[in-house]
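Heads up, the thing below is written out as structure tokens.
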Amino acid sequence: MDAKNLFLAQHAAVQSAAVGGNPASAAERAFAGLSDEQMRVRPREDLNSLAWLMWHIARAEDIMVNTILHGRDQVCDDAWRKRLGVSRRDFGIGMTSTEVTELTRQVDLAALREYRDAVGRRTREIVGNFGDKDWGGEIAAPSLQKAATEGAFGTRAEQLVKGFTGRPRAAVLSGIALFHPAAHLGEAVTVRSAGGFGTGI
């Protein structure tokens with residue numbers, strides 16, 4: 001299996017079945033079979049809601065894959081922000097507990113599910129068109145600065161621009177589109193358990 005097909009197979013494991021074709025994916029176990037009320041529950045103060053986790057995973061992938069790795073506009077444009085009911089342009093790093101609760105309450109969950117799927121499909125489209133040279137190289141400061149100027153990094157802009165500049169492109173891609181969602185999907189299982197919601201499949 002080459003790098004492209006390996007990535008796409010692993011990506012399918014952290015996407016909805018509608019995006020990756022995997023009905024037993026970690027995303028299905030985390031987010032399937034829940035009411036809107038359950039998606040908005042924070043079982044404990046130290047846990048995020050499932051709604052916030054879905055938003056955060058999608059925003060991080062959208063920003064990093066599109067703006068920083070591929071040099072194109074994010075999926076989340078003004079029309080998407082209006083549909084989502086969320087005006088923030090970042091992906092939630094450094095948010096306070098109060099801000100997490102506020103976003104959890106206000107986000108439109110039907111739009112959020114569609115948005116996360118749209119981000120996942122865009123990533124698969126981009127990587128599906130990769131040639132060998134697209135896996136190489138490093139993250140350049142100008143693309144990070146562009147994202148920072150657009151508000152993608154919130155109050156952590158300087159820290160994130162410095163931290164990601166010069167990192168290998170392939171490592172950032174796998175980190176943000178595979179390992180980052182996998183970690184938060186594990187967190188989502190904890191939220192479901194603490195909330196008494198069972199598993200999605």
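The values are calculated or read from the model by the stated rules, or taken from the named source; none is laboratory data. Since the structure is predicted, the reported quantities are computational estimates derived from the model, not experimental observations. Reconstructed Cβ throughout: ideal geometry from the backbone, glycine too, with neighbour counts over all protein chains shown.
Cβ-Cβ distance below 7 Å, separation of 6 or more or different chains: which pairs start in region 181-201 with a residue that is under 20 Å from residue 23 (Cα atoms) and buried (at least 18 other Cβ atoms within 10 Å of the Cβ) and end on one that is modelled with pLDDT under 95 and of a type in the set (Val, Ile, Thr)? Hits for this filter: 192/199. Can you find a residue in region 75-89 that is of a type in the set (Asp, Glu) and either under 16 Å from residue 50 (Cα atoms) or touching a Gly at 6+ places or on another chain (Cβ under 7 Å) (or both)? No, every residue in region 75-89 fails to be of a type in the set (Asp, Glu) and either under 16 Å from residue 50 (Cα atoms) or touching a Gly at 6+ places or on another chain (Cβ under 7 Å) (or both). Within region 82-111, the set of residues being under 15 Å from residue 154 (Cβ atoms), part of a helix (DSSP H, G or I) and not β-branched (Val, Ile, Thr) comprises 99, 102, 103.
Applying the condition of being touching a Lys or Arg at 6+ places or on another chain (Cβ under 8 Å) and more than 18 Å from residue 39 (Cβ to Cβ) to region 90-108 and asking which residue is surrounded by the fewest Cβ atoms within 10 Å (Cβ to Cβ) yields 94.
Counting residues in region 34-47 that are of a type outside the set (A, V, I, L, M), assigned to a loop (DSSP other than H, G, I, E, B), modelled with pLDDT under 95 and under 21 Å from residue 123 (Cα atoms) gives zero. Specify which of the listed residues (58, 24, 9) is outside any loop (DSSP other than H, G, I, E, B) and touching a residue at least 12 places away in the same chain (Cβ under 8 Å). Among 58, 24, 9, only 58 is outside any loop (DSSP other than H, G, I, E, B) and touching a residue at least 12 places away in the same chain (Cβ under 8 Å).
Check off (1) closer than 17 Å to residue 124 by Cβ; (2) surrounded by 18 or more Cβ atoms within 10 Å (Cβ to Cβ) for residue 148 and give me the number that stays unchecked. Result: residue 148 fails condition (1) only. Filter region 18-47 for residues that are under 26 Å from residue 96 (Cβ atoms) and under 18 Å from the mean Cα position of the chain (by Cα) and give the result. Selection gives 30, 31, 39, 40, 47.
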